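Here the structure is laid out as structure tokens; the discussion comes afterwards.
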Amino acid sequence: MDLLWLLRDTKYAIAAMTADMISNISVVSGVWLIALRFGGIGGMSVDEVLFMMSYSTLVTGLFILFGSGNNIHISRIIGRGQLEHMFMQPNSLKVQLITGGFVPFTGGGNLAVGCILLVISIARLHLRVTPWWILRLIAHLAATMVIIVARSYLVATASFYAPVEAEEISTTAIEGTWQLSTFPLSGMPAFIQVPLLTILPEGLMAWFPALCLLGKPPLNLTEYYPFAYALALALAAKYFFRKGLNYYVTKGSNRYVPYGFRR
Amino acid sequence: MFKYIKTAHMACLEKMNGGVLYLMPDIFIKICTLIPLIYMWKAVMASGADIGMSMEQMLTYACVGALLSDMMVVRTQASGWLSEGVLMKLYGRPLSVLGQLFAQTAGRWMPNLALFSLPMALLSPLFGVNLRPASPWFVVSLFLCISLGFAIDILFACLSIKLRNMNWLIDRIRAAIVAILSGTVIPVSLLPLGLAESMKYQPFASLGGATLSIFTGIAEPAGVLRMQAVWNIVLWPAALIIFKKSQEGMVSYRG
């Protein structure tokens, strides 16, 4: 279906891809321009900040690649009563949510940009890229994605109980904090760094994994901290989301509309 | 005038329809973004680079930019309302369409100003931020900034009309470009790679960044105000003429 969109409405599809890429580059370029002007941020060099921005762009690329069908903004599906329609499909809910947002053709732009920035930053930093390092990169990206998805599903549980009020809560949890996740936390006091690695995990979206991949895990924490955090958050999200889903299938939703799926 | 004030009042109440608690997640995220932003700038300025601004000025710049973000780069709901059919409904009311748009936009600023900007302004001394304006001309500049913001927004709405409701795309590209070029993320005068000189005279530079430069005292008010006035004089007639011609081309999915 994604390929069909690209082939049938090529102009609009390419415009959408371009808009996505420009938007993401703008978010990360603001921080990089600051680093360039000031020769680095909080002890991180310009090239290290570029590496961190490339990691952030890769995360955005993966997000768009796999999450373009509101399957990660799950509160929208619940709040709009669209879950009912998913129950009626001849595929399990899990399979629909995993595959529903996959857009490999039109959603790969940011991933490509992220890969280019990664290669540039690796070359400038003279990083030694081994197969083990690549595995670590993939693992960190996976952990970051798990944190994003788990947090979205955790807060989206509210939409089972208050579908109107919490319809956009996933958007707040994901996009509301996206800019914060591009801030390098190096040089900031502990009372800023610690909450952003625990309560709000924005520090784990780009800064912490980037420094780990550069061989400098910050705050004397183990490189495995993001994985442990992702696991804990995923378990919590699974528990509460299932509770909410059980409530939903018992009580139903007044947001369901039989004549269409969009409110 | 009373009709527009009432429209703004209704827009303010509409935003708070879900109750104050409904707005709290967004307010919380804004606070969680502002505080690290202040400390990031502290970390950056601690490098000792000579950029013609003191740390106090930079922190004030970043803080005021965040507190008045809605006014620094004005965004109305014109583009979104176009596809939703709400813009069409405005024509059925005994008020000017653009007047209603401006009143509703201004009304929607109020909850954010009351729940985020005002409390954070009172707390800002705790973070070492001084919110005293360097010049009273800041008020005039803010007015010109808001006025220019509305003109630019109307032009983007006309672009949406012309491109048959590709408003999501236009919004994304617009937000990306304006964020950098308006000087609200990083002052235009600090842009590296020679961009500072070349970007000084483009219209987006007369938005938030210009007002903030007067507030912090990093620019002379006369030059900044002159540039803002020029762009207002150039863009407002263009916006009104193009909007008048674009009205017939409006296409909406709903009504």
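Relative to its residue count, chain B spans a Cα convex hull of 140 Å³ per residue. Each Lys and Arg contributes +1 and each Asp and Glu -1, all at the Cβ; summed about the Cα centre of chain B, the dipole is approximately 780 debye. Sites listed here are trypsin sites (Lys or Arg not before Pro) in the range B:148-233 whose DSSP assignment is loop and whose Cβ has at most 16 other Cβ atoms within 10 Å: B:164. Charge tally around residue A:236: other residues with Cβ under 14 Å, Lys/Arg +1 each, Asp/Glu -1 each, net +4. Result for chain B in a Gaussian network model with C-alpha springs under 10 Å: among B:11, B:46, B:134, the largest mean-square fluctuation is at B:46.
Cross-link reach is defined here as a Cα-Cα straight distance under 21 Å, omitting same-chain residues fewer than 8 places apart; for residue B:15 the lysines meeting it are B:3, B:6, B:30, B:89.
Computed over chain B, relative contact order equals 29 percent, with contacts defined as Cα pairs under 8 Å that lie 6+ residues apart. Rg and Dmax of the protein assembly as shown, based on Cα coordinates, read 23.4, 69 Å. Tilt of helix B:55-67 relative to the longest C-alpha principal axis of chain B, in degrees (0 to 90, nearest 10)? It works out to around 20 degrees. What's the angle, to the nearest 10 degrees (0 to 90), between helix B:20-45's Cα axis and the longest principal axis of chain B? It works out to around 40 degrees. Our summary gives chain A a relative contact order of 26 percent, counting only alpha carbon pairs under 8 angstrom and 6 or more residues apart. Note on A:182-194: average number of Cβ atoms from other chains within 10 Å of each residue's Cβ is 3.
Where a number appears in this text, it was derived from the coordinates with a stated rule and is not lab data. All values derive from a computational prediction rather than experimental measurement. Don't worry about glycine lacking a Cβ; one is built from the backbone with ideal geometry, like all the others, and counts go over all protein chains shown.
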